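The values are calculated or read from the model by the stated rules, or taken from the named source; none is laboratory data. Treat the numbers as computed from the prediction; the structure is a model and nothing was measured. Using ideal geometry, Cβ is built from the backbone for each residue, glycine included, and neighbour counts are taken over all protein chains shown. Only protein heavy atoms, including side chains, enter the accessible area calculation; ligands, DNA and RNA are left aside. Shrake-Rupley method; radii C 1.70, N 1.55, O 1.52, S 1.80 Å.
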Amino acid sequence: MICVFLLFVISFLSSQPVIAQSTRQTYIVHVNLPADQVPGESQDLETWYRSFLPEVTATSEGPSRIRHAYRNVITGFAAKLSPEEVKEMEKKEGFLHARPERMYALKTTHSPNFLGLYQNLGPWPESNYGKGVIIGVFDTGITPGHPSFDDEGIPPPPARWKGKCELKGTACNNKLIGARNFAGDDPGPPIDHDGHGTHTASTAAGNFVSGANLFGQANGVASGMSPLAHLAIYKVCSEDGCFESDSMAAFDAAIEDGVDLLSISIGGISVPFYEDGIALGAFAAMENGILVSCSADNDGPNYSTLENEAPWILTVGASSIDRNIVATVLLGNQEEYNGQSVYQTHDFPSSLLPLINAGSEGNKTAELCTPGSLNDIDVKGKVVLCLRGGNVARIAKGQTVKDAGGAAMILMNDKPDAYDTLADPHVLPAAHVSYADGVKIREYINSTSNPKATILFKGTVIGDKTAPMVASYSSRGPSRASPLILKPDIIGPGSSILAAWPKPVYNTTNVKATFNMISGTSMSCPHLSGIAGLIKSVHPDWSPAMIKSAIMTSATQTNLNNSLILDQRHLPADIFATGAGHVNPSRALDPGLVYDIKTRDYISYLCYMYTENQVAIIVNRKINCGGSKYKGVPGPQLNYPSFAIQLGHRSQTYPRTVTNVGDAKSSYYVQIENVPGVDVTVEPKVLAFTKVNQKKTYTVSFSRQDFTANGSYVQGSIAWISAKHIVRIPISVHLVL
């Protein structure tokens, strides 16, 4: 029997003439090796890997050039190679494939309450606050000693935990049970020097902290979604970025350590799954019963901008919550426009100040308030209107205004971001307003020779009925890597999220805080990871696919105003923005029915998409796609809790199988939401169950009614409804010739 090994190679040592170090880069190499030649022990395994290096370097530089020797996610190692060295390695018996590694990028007081999570009431006590669950986090490290990682009320980790703590002294405890550093370019303990990792970890599973706030705003009790769960930290990112080989080493360790869930708020551009280290690691994790939750990326609102799209990954988009930190722009004509800013000062003058549009002379660089662009413009003592975008951070625009002597900033959205405003910790008085309001402010400036404005700070306001609204930055589907799997899977809170931070956040009032407010799908991902932890606590025997199904089929499609969830334009958000909808923790704990997917089902799906060698790279073993066990099936055939199909003249029929996890005796009837131009038929129309864990299969048929809308996408849903549950799956249909 032949085994497949994936080798992460960062530095291949060749018997060829020495190549300059600058020509080397990280490579990932796959090989086929006979099973009887594979050493079992870790030390022997590394010796075996070195045998793939040329003789000279294998004995001299080999140990130092091999950074990671993998055991679980893949069988292989990481080292640096030049292109010439890779070509030499290709001559080795068993060599399969080599490619350069990729670089990944980093992509809360009120959000628990917004999601219906309250102490001593509802989902939290019902799930025991996630107690006993181990959530692993891949990120920039951790801040030990932060109150969010206090272990009050948390029992010791379960016996299955085999992880390590690389922090000094007693920094690890019953909350922070493990912390390891895999960022090879940032040696030492896995301390968070950035803040991103501390923020995401506390969002997923931070303990209760009273009096959390930022500059006195968003005050309340901060906690993660699974506040009594354990945390295992894997530092895979540094100031230089997040190297793919380091992330794969973290997957390798996390599987051995015994985590239940992995929260990963990093990613890269969409590529085939066999070239994506996160997809490879997540597949191995899934086979070991670990659900992997990943951020969808921050490249919205454009379509097909997703990452982390594999069907065994929970892909998470971002939404707003109903809390605004209001900063109101008052113009000289007495018009007012509400914006947001977490910088709330009480000594900013209420009297009107001169107002200037930074781009009034057609200077696009100045309009965007890029660093240094205002140095030749007289903005001293004035309120400056800046345009969002241009690859310049929102806070950095304020710094530009401040450095040029400006008194305050009005940050107006660009047109694509529309009404989506964020509360940021600006460095000077500021208000982030919508595009529509920004246009009105700009028109006012152009209408008078003496435009004036000030900003009125009104503090934290709860109850925005447009929430949840899809964040403009949240990446959209359809998936490029797998168009016949609907992505994202779900959306959750990601905008203006308050969570733990490693160091004080300063502004001009010199107020310090150990919490910070930031936005992104990096924030929505750990929300879902923590909610998955609650489900895992209640249902410890559920597979990753069952947990994922519970989250998706129980999602809501309406906002607090009981209207359809909106996008940043205040129009109904489409299926490529919301996926199954917005997470609903209470309903996810008791979903009624779930859609399970086994490893062999995923492999059959992969056999439809890729060659046998490519499938072997993903699943880390040789697969016969033409045999009776693995028959290639298209994405819609996978027992996924959604449909994404391409429909032409021929009708299509696909099965779905549900497992009863609700009451033993229950009956569900089907309800079909109209899919424009498509006839959707479900058989049977009633599913009757007599016991728990009983399975029932139904079929869904699709046929075209309208052949005039070719190239367009239409959407709808199928819901199974009982006396207690609504189990809904979304449908996306691409109409083709």
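Scanning region 402-428 for residues that are touching a strand residue (DSSP E or B) at 6+ places or on another chain (Cβ under 7 Å) and open to solvent by 10 Å² or more (accessible area, probe 1.4 Å) turns up GLY406, ALA407, ASP414, THR421, PRO425.
Of all residues being in contact with a strand residue (DSSP E or B) (Cβ under 6 Å, 6 or more places away or on another chain) and at negative phi in region 355-378, which is surrounded by the most Cβ atoms within 10 Å (Cβ to Cβ)? Just the residue, please.
So, considering only residues that are in contact with a strand residue (DSSP E or B) (Cβ under 6 Å, 6 or more places away or on another chain) and at negative phi, the one surrounded by the most Cβ atoms within 10 Å (Cβ to Cβ) is ALA358.
Going by the conditions given, is SER247 at pLDDT 95 or above and closer than 21 Å to VAL133 by Cβ? In short, no.
From the list LYS487, LYS503, the one residue that fits, being open to solvent by less than 10 Å² (accessible area, probe 1.4 Å), in a loop (DSSP other than H, G, I, E, B) and of a type in the set (Lys, Arg), is LYS487.
Based on what the data block shows, is GLY716 under 17 Å from ALA644 (Cβ atoms) and in a loop (DSSP other than H, G, I, E, B)? No, not satisfied.
Touching a strand residue (DSSP E or B) at 6+ places or on another chain (Cβ under 6 Å) and at positive phi - does that describe any residue in region 606-624? Yes, some residue in region 606-624 is touching a strand residue (DSSP E or B) at 6+ places or on another chain (Cβ under 6 Å) and at positive phi. Counting only helices (runs of 4 or more DSSP H) wholly contained in region 581-622, the ones carrying 3 or more residues that are open to solvent by less than 10 Å² (accessible area, probe 1.4 Å) occupy 599-609, 612-619. Filtering ALA78, ALA69, ALA98 for residues that are closer than 20 Å to PRO187 by Cβ and in contact with a His (Cβ under 9 Å, 6 or more places away or on another chain) leaves a single hit, ALA78. Annotation: of all residues in region 587-618 being aliphatic (A, V, I, L, M) and within 30 Å of GLY662 (Cα to Cα), the one that is nearest to the chain's Cα centre (by Cα) is ALA588.
Given (1) out of contact with any Leu (no Cβ under 7 Å at 6 or more places or on another chain); (2) within 21 Å of ALA250 (Cα to Cα); (3) at pLDDT 75 or above, where does LYS107 come up short, assuming only one miss? For LYS107, the exception is condition (3). The set of residues in region 472-484 that are under 13 Å from the mean Cα position of the chain (by Cα) and either surrounded by fewer than 24 Cβ atoms within 10 Å (Cβ to Cβ) or of a type outside the set (D, E, K, R) (or both) comprises TYR473, SER474, SER475. Filtered by the rule that a residue be in contact with a helix residue (DSSP H, G or I) (Cβ under 7 Å, 6 or more places away or on another chain) and farther than 12 Å from ALA296 by Cα, region 487-501 gives PRO493, ILE497, ALA499, ALA500, TRP501.
Taking every residue in region 682-709 that is under 17 Å from ILE645 (Cβ atoms) and pairing it with any residue that is among the small types (Gly, Ala, Ser) and open to solvent by 40 Å² or more (accessible area, probe 1.4 Å), at least 6 positions away or on another chain, the pairs with Cβ-Cβ distances below 7 Å are SER701/SER651; PHE702/SER651; SER703/SER651. Considering SER482, SER472, SER449, the condition of being out of contact with any helix residue (DSSP H, G or I) (no Cβ under 9 Å at 6 or more places or on another chain) and assigned to a loop (DSSP other than H, G, I, E, B) is satisfied by SER449 alone.
Considering only residues in region 214-226 that are in a strand (DSSP E or B) and on the phi < 0 side of the Ramachandran plot, the one that is surrounded by the most Cβ atoms within 10 Å (Cβ to Cβ) turns out to be ALA222. For region 231-245, which residues satisfy the criterion of being open to solvent by 10 Å² or more (accessible area, probe 1.4 Å), in a strand (DSSP E or B) and either of a type in the set (Ser, Thr, Tyr) or on the phi < 0 side of the Ramachandran plot (or both)? Residues satisfying the conditions are SER238, PHE243. Here the strands (runs of 3 or more DSSP E) wholly within region 347-446 that include at least 3 residues being aliphatic (A, V, I, L, M) and either under 30 Å from ALA467 (Cα atoms) or out of contact with any Pro (no Cβ under 8 Å at 6 or more places or on another chain) (or both) are 383-387, 408-412, 430-433.
Hey, can you tell me all the residues within region 546-580 that are of a type outside the set (A, V, I, L, M, F, W, C) and outside any loop (DSSP other than H, G, I, E, B)? LYS548, SER549, THR553, THR556, THR558, PRO572, THR578, listed by residue number.
Filtering region 619-631 down to residues that are closer than 22 Å to ASN288 by Cα and among the basic types (Lys, Arg), which residue is farthest from the chain's Cα centre (by Cα)? Selected residue: LYS629. One residue stands out in region 380-395 among those that are at pLDDT 95 or above and open to solvent by less than 50 Å² (accessible area, probe 1.4 Å): the one that is farthest from the chain's Cα centre (by Cα), namely GLY381. Look at (1) open to solvent by 10 Å² or more (accessible area, probe 1.4 Å); (2) in contact with a Cys (Cβ under 6 Å, 6 or more places away or on another chain) and you find that HIS193 fails only one, number (2).
Going through region 106-152 one residue at a time, which ones are touching a strand residue (DSSP E or B) at 6+ places or on another chain (Cβ under 6 Å), farther than 16 Å from ILE191 by Cα and assigned to a helix (DSSP H, G or I)? Scanning region 106-152 gives a single hit, SER111.
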